[in-house]
Amino acid sequence: MEHAPLLTMRNITKTFPGVLANDDVSFDVHAGEVHTLLGENGAGKSTLMKILFGLYQPDSGEIRLRGEVASITSPTSAIEQRVGMVHQHFMLVPTLTVAENVALGLPSNRGFRTDLDAVSERILEISEQYGLSVDPSIEIWKLSVGERQRVEIIKALYRDAELLVLDEPTAVLTPQEVDDLFIILRQMTANGTGIIFISHKLHEVLELSDRITVLRNGKVTGDTTPSETNRQQLAEMMVGREVKLAPDKPHVDLGLARLQLRDVSVKGDRGTMAVDGVSLDVHAGEIVGIAGVSGNGQRELAETIAGLRPAESGSSVTIDDADLTKAGPARTRAAGLAYVPEERMKDGAVGEFEVSENLLLINHGDPKFRRGPLFDFAKIREHCQRLVDQFSVKTPSLETPTSSLSGGNIQKLIMARELDSRPSVILAAQPTRGVDIGAAEYIHSELIEQRNVGVAILMISEDLDEVLGLADRIAVMFEGRIVTVIDREAATREALGLAMAGG
Amino acid sequence: MKAKRMLKLFAVLFAMTLTAAACGSGDSTSTTTSECGSDLAVAAGESVTDLSVALVAPSAKDDVAFTQSMVDSLTRLGIEPQITDGTFVVEEAAAAIRGYAEDGIDIIVAHGTQYGGSLAEIAPDFPETSFIWGTSADNQGIANVFAYYPEADQGGYVNGLIAASIAGADGIGVVGPVEAGDAVAYIEGFTLGAEAGGSSTSIVYTNSFSDVALATTTAEAHAANGVAVLTGTSQSAVGAVNVATANDLPWFGTQSNTEAWSSDLTVASQVYHWDVVLADMIEKIEGGTLGGEAMALTLENGGLVMEFNGCYDLDSSVKSDAEAAIADIIAGEIVTK
Amino acid sequence: MSQFFTVSVLVATLATAIKFAVPYLLAALGETIGQRSGVLNLGVDGTMLLGAFGGYYTVIQTGSHLQGILVGLGIGLAVGIVYAYVTVFLHAQQGISGIGIFLFGLGFSDLLFQELVGTPKPIRPLPTLDKLPGVGRIFEPLVDIDIVGPLLFDHNLMTYMAFLLVPATTWLLMKTTFGMNVRAVGENPQAADSLGVSVAKTRFIAILIGSSLAGIAGATLSLQLAIFQHNLTNGIGFIAVALVYFGAWRPRWVMAGALLYGLVTATRIRWQSLDIIPQGASDIAAMAPAIITILALVLLASRVRGPAALTRPFSRH
């Protein structure tokens, strides 16, 4: 008889009021394999994993671990049964050290007193075994995102996890960090760990997985392996219709330079120069992509263009020849800038606000929404409903709190609001980060449409596929400077990767 | 023997002078001496009026200071008022005052300078009610408001004079609360008296009427500086009295008799007998005059009484000097402010 | 003026500061533990008042200071159970619940005082080290040592306990599993919960410790002053809460804050009593502790971040 799989989830069904989140889902993982769970936001991946981790109980169906029926009632019982989870939003305490985070919740050898030396020793052993280099005595807040993820993995391994769930682990990583992560994961499967990998970045899924299960609307719609499939097929299984992964870009004649940056220098939060003498033109009818590993000044540059961060003297930012170097966000917007910020929940939308309130965030003062001194709610409804329909924002109602929408839908909402102002320049930072394929496809096509009608678009992205797919010209940022600007036709992934690393 | 007879004669003369000086205020006396070990509880007098009386006061009714002195005074007049105490918050006091007025109480005693503003709003709404308010030397020109205030500097001077005889060059520590009202009057009078007696005062205002910890710390500072006598005022003074006890330093009180706190270390207390002016006011109210003037408590009218502690062995010559000073103050020969 | 800045004046000022700081320090250390777990307790002052009355009344009845302090602790514990239940299990808003505890403490301590005692009646103050029965004579010669004596050996037992609690609190927070859990639930309760740390239990215990210390602080105050009175604390509990922010949630900085506050107050009183500070400046001098505390808060607040989950109730979904 063949070895029983490490995990078998059989005929799992879970309903929430009004939603069938998991509909008769079966799924298994063998020791030593990476089994990918692929699906758009809301497809049921998170629900399935929360059931596995004891946060939800299924309505029906059974879970077996190593062939035995398992009852998982809480995260603690999941951990005890050697199931580990690396959450998309890290479950780390920033002010505690690596060792303290790892030791949290576990009994100490010394009873009431912590025994962090022993914990550190064990961490170093694990680090060495899997190439997860990290200093156990350092506080989490001092670590990069990639390092924090390593701590999460160490936490699971420290608890002897045999089955590890990684929820969108690459969403926040740079390409180099993704490569490092994959090396670590392969090392783990070689040692017999079973891994559930949740992602919607198709080339990563194809690169890493042994098997792939696709979910859509709570149901399994595909069960395949990388050798049997390709990106196009996977995308269609996820979305349930034909998908254009590489958007069509018709030729457009370049117009005048609408956004002009001259010698822009900006100080970062720590007072050091984050942007150092950047000069760049973005013309009507083109998308300029800024590629680079995050933390090389992209965020500060975007904030300066949007009027949110003061530039050093000698800098110049103009839109359609209007000098906006010292203008605040209101004047910059009035001059024709639409801004899709990187941190959409922090800078782009107010989570507690209703959908309609966020749609009206930048133009609630517009006289067309007023009747006398009061809001004209009928007009507002009509306006918001039109935006929601036009940009296919999936929301139960206009009154739904924005924070309860998925990332992709929040991003569509922000795009709807920003593009409705008929901008002359669009500044889009990480427009599809953490957004599912359907929404990303939509956002990309919308950006190209804007380009086609003569809007100048500056897109900042760490996703090389996105930059290569959309941009007409590509600028690479490294340590606050633009190190190279290449036409799309001349650009290769390798050359860009090299430039991003400062080479 | 001769000296004793002389003293007796002097005392009789002194009492006669007082009686004469008090002209009309009946049986007032400006000094008393408690019997050591006696109960300090105030006995209820015969009731002077059938009118209903209410009292609104900032601190607790048994604070051994400002509020208790008023409760005791009403008791002496045979009045059992309805009481709302602990109203440091003026808005609460104002609500209580208005409430009593609406209930048809005839006389409302608003025992706190800080209630003046509220009273100016409330009193005109109830022209049939008489309001008695203090301490203030001015009735705000309202027809149905009587004001009262103690000339606290007078007893302060007497206390200071006696204290100087004990302290001499070592000096006297003064624990003041907030630099205002009768506290300032007392302390300034005390300082004049102390200087007249050849000593000096060190004055610290804690800036709080109620902060016992600060009063304690202040008294400790004085004690550490080597003063020989302590005095102080306000309900926070209880902290300073404790320090006096701990360091075996004589204490001088004001407002109420502080013997309860310090047993035999209180030498003398200037006690406010509001009943003297209250009796006058009530008489006028019964005669149909509901207010319109301010009345002072003085040694002369018996509103201020120097209460000597029978348990403290005060040199008799010092005591007679003090009594002479009282007579001089009443006669206007000593100016205490 | 001859005494201007002599060594003995400075020593006396420092010694006063140390004594004055004790109730502040005890209450602030307790609040530090609570806040580290993510729970703000604005009821410290009310808890102190109840503890102060309980301690005072116990000493009146039994004459035992030790029992007085223990009663203060017990009262703090009882109030803590109520506050913890309301904020941790009922998820009540912490700010307003704390104000409720304060108002209850203010009113109820006064009511009990009126009913059970009436007129303020002094008790024996807490004895200093050299007056302790039995062991006092060991310390008696030490008190007379120049400078060191009055500074270090002329205090009561609670002073030593308060200052020993500073390293003890640090140890509890930094070196024990409980302390690690406290810091974790105050910073990221979701993370702690995902690892099986009970957020509710951890916060509950942290609040109980904090509230007990507030009760002890109150009893120490009334036994130190040897009296009880309406609103005896005069806002010490609120200043203790401010000191936690001042001290950036670290026990030794909280101690520094309490000592600074005590020193500024002691300096004002001592120096005014010696006429080093002129009488006319007394109003300004009286504001000094508050001003210095506010300045420190403003300067520090921009640099140090408190527990991220402070005042945020935790529930799983």
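For B:Thr258, are the conditions met, namely being buried (at least 23 other Cβ atoms within 10 Å of the Cβ) and more than 9 Å from every other protein chain (Cβ to nearest Cβ)? Judged against the criteria, B:Thr258 is a match. Condition test on C:Ala286, is it open to solvent by less than 20 Å² (accessible area, probe 1.4 Å) and either of a type in the set (Lys, Arg) or in contact with a Phe, Trp or Tyr (Cβ under 9 Å, 6 or more places away or on another chain) (or both)? When the stated conditions are applied, C:Ala286 does not pass them.
Each row is one residue, and each column tells you yes or no for (1) of a type outside the set (D, E, K, R); (2) more than 21 Å from B:Thr245 (Cα to Cα).
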residue	(1), (2)
C:Leu111	yes, yes
C:Val117	yes, no
C:Pro122	yes, no
C:Pro141	yes, yes
C:Asp146	no, yes
C:Asn156	yes, no
C:Ala162	yes, yes
C:Pro167	yes, yes
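Of all the residues in the stretch C:243-266, those that are part of a helix (DSSP H, G or I) and open to solvent by 30 Å² or more (accessible area, probe 1.4 Å) number 9. Regarding B:Ile187, is this residue within 11 Å of another protein chain (Cβ to nearest Cβ) and either part of a strand (DSSP E or B) or farther than 12 Å from B:Phe252 by Cα (or both)? In short, no.
In the set B:Leu230, B:Leu249, B:Leu290, B:Leu278, only one residue is among the hydrophobic types (A, V, I, L, M, F, W, C), touching a Leu at 6+ places or on another chain (Cβ under 9 Å), modelled with pLDDT of 90 or more and in a loop (DSSP other than H, G, I, E, B); that residue is B:Leu249.
Would you mind listing the strands (runs of 3 or more DSSP E) fully within the stretch A:1-64 where at least 1 residues are at pLDDT below 90? So the answer is A:7-16, A:19-29.
The condition (being assigned by TED's automatic domain parsing to the domain that holds A:Gly454, surrounded by 16 or more Cβ atoms within 10 Å (Cβ to Cβ), free of Cβ contacts under 8 Å to residues at least 60 places away in the same chain and not basic (Lys, Arg)) is satisfied by just one residue among A:Leu254, A:Leu280, A:Leu261: A:Leu261. Screening B:Leu304, B:Leu297, B:Leu249 for residues that are crowded, with 21+ Cβ neighbours inside 10 Å and more than 25 Å from B:Ala327 (Cβ to Cβ) leaves exactly one candidate, B:Leu249.
I'd like to know if the stretch C:97-104 contains one or more residues that are among the hydroxyl-bearing types (Ser, Thr, Tyr) and buried (at least 24 other Cβ atoms within 10 Å of the Cβ). No, because not a single residue in the stretch C:97-104 is among the hydroxyl-bearing types (Ser, Thr, Tyr) and buried (at least 24 other Cβ atoms within 10 Å of the Cβ).
Of the residues that make up the stretch A:14-23, is at least one crowded, with 18+ Cβ neighbours inside 10 Å, among the hydroxyl-bearing types (Ser, Thr, Tyr) and not assigned by TED's automatic domain parsing to the domain that holds A:Asp436? No, the conditions are met nowhere in the stretch A:14-23. Just so you know, in the stretch C:123-135 the residues that are open to solvent by 40 Å² or more (accessible area, probe 1.4 Å) and within 19 Å of B:Val238 (Cα to Cα) include one that is nearest to the other protein chains (Cβ to nearest Cβ), and it is C:Pro125.
Filter the stretch B:193-224 down to residues that are of a type outside the set (Gly, Ala, Ser) and in a loop (DSSP other than H, G, I, E, B) and give me whichever is farthest from the other protein chains (Cβ to nearest Cβ). The selected residue is B:Phe209. Listed by position, the helices (runs of 4 or more DSSP H) enclosed by the stretch A:65-160 that each have at least 3 residues that are more than 11 Å from chain C (Cβ to nearest Cβ) and either of a type outside the set (Ser, Thr, Tyr) or farther than 24 Å from C:Val304 by Cα (or both) are A:116-130, A:145-158. The single condition among (1) in a loop (DSSP other than H, G, I, E, B); (2) of a type in the set (Gly, Ala, Ser); (3) open to solvent by 40 Å² or more (accessible area, probe 1.4 Å) that B:Ala95 does not satisfy is (1).
Picking from residues in the stretch C:149-197 that are more than 7 Å from chain A (Cβ to nearest Cβ), outside any helix (DSSP H, G or I) and not acidic (Asp, Glu), the one that is nearest to C:His65 (Cα to Cα) is C:Asn156.
Here are the criteria: (1) open to solvent by less than 50 Å² (accessible area, probe 1.4 Å); (2) within 14 Å of chain B (Cβ to nearest Cβ); (3) over 25 Å from C:Ala52 (Cα atoms). Tell me which single one C:Pro307 does not satisfy. So the condition that C:Pro307 fails would be (2). Within the stretch A:145-176, the set of residues being of a type in the set (D, E, K, R), open to solvent by less than 30 Å² (accessible area, probe 1.4 Å) and within 13 Å of the chain's Cα centre (by Cα) comprises just one member, A:Glu168. Taking the condition more than 24 Å from B:Gln140 (Cα to Cα), out of contact with any strand residue (DSSP E or B) (no Cβ under 8 Å at 6 or more places or on another chain) and touching a residue at least 24 places away in the same chain (Cβ under 8 Å), does B:Asp321 pass? In short, yes.
Let's see how each residue does on (1) among the hydroxyl-bearing types (Ser, Thr, Tyr); (2) part of a helix (DSSP H, G or I); (3) within 14 Å of chain B (Cβ to nearest Cβ):
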{"site": "C:Ser8", "(1), (2), (3)": "yes, yes, yes"}
{"site": "C:Thr13", "(1), (2), (3)": "yes, yes, yes"}
{"site": "C:Leu40", "(1), (2), (3)": "no, no, no"}
{"site": "C:Met48", "(1), (2), (3)": "no, yes, yes"}
{"site": "C:Gly80", "(1), (2), (3)": "no, yes, no"}
{"site": "C:Ala84", "(1), (2), (3)": "no, yes, no"}
{"site": "C:Phe102", "(1), (2), (3)": "no, yes, no"}
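Checking every residue in the stretch C:39-50 against the condition of being more than 14 Å from the chain's Cα centre (by Cα) and buried (at least 24 other Cβ atoms within 10 Å of the Cβ) gives at least one match. For the stretch B:147-166, the set of residues classified as outside any helix (DSSP H, G or I), among the hydroxyl-bearing types (Ser, Thr, Tyr) and surrounded by 24 or more Cβ atoms within 10 Å (Cβ to Cβ) consists of B:Tyr148 only. Filtering the stretch C:226-279 to residues that are aromatic (Phe, Trp, Tyr) and within 14 Å of another protein chain (Cβ to nearest Cβ) leaves C:Phe228, C:Phe238, C:Trp249, C:Tyr261, C:Trp271.
For the stretch A:450-476, a tally of residues being part of a strand (DSSP E or B) and within 20 Å of the chain's Cα centre (by Cα) returns 4. Within the stretch A:131-144, which residues are open to solvent by less than 60 Å² (accessible area, probe 1.4 Å) and within 23 Å of A:His89 (Cβ to Cβ)? Once the filter is applied, which keeps residues that are open to solvent by less than 60 Å² (accessible area, probe 1.4 Å) and within 23 Å of A:His89 (Cβ to Cβ), the stretch A:131-144 yields A:Leu132, A:Val134, A:Pro136, A:Ile138, A:Glu139, A:Ile140, A:Leu143, A:Ser144. Residues in the stretch B:167-190 that are more than 11 Å from B:Val229 (Cβ to Cβ) and open to solvent by 20 Å² or more (accessible area, probe 1.4 Å): 9 in all. Every condition in (1) assigned to a loop (DSSP other than H, G, I, E, B); (2) modelled with pLDDT under 90; (3) among the hydroxyl-bearing types (Ser, Thr, Tyr) holds for B:Ser262 except the one numbered (1).
The values are calculated or read from the model by the stated rules, or taken from the named source; none is laboratory data. None of these values were measured; they are calculated from a predicted model. Neighbour counts run over all protein chains shown; Cβ positions are idealised from the backbone, glycine included. All accessible areas refer to the heavy atoms of the entire protein, side chains included, with ligands and DNA or RNA removed. Shrake-Rupley method; radii C 1.70, N 1.55, O 1.52, S 1.80 Å.
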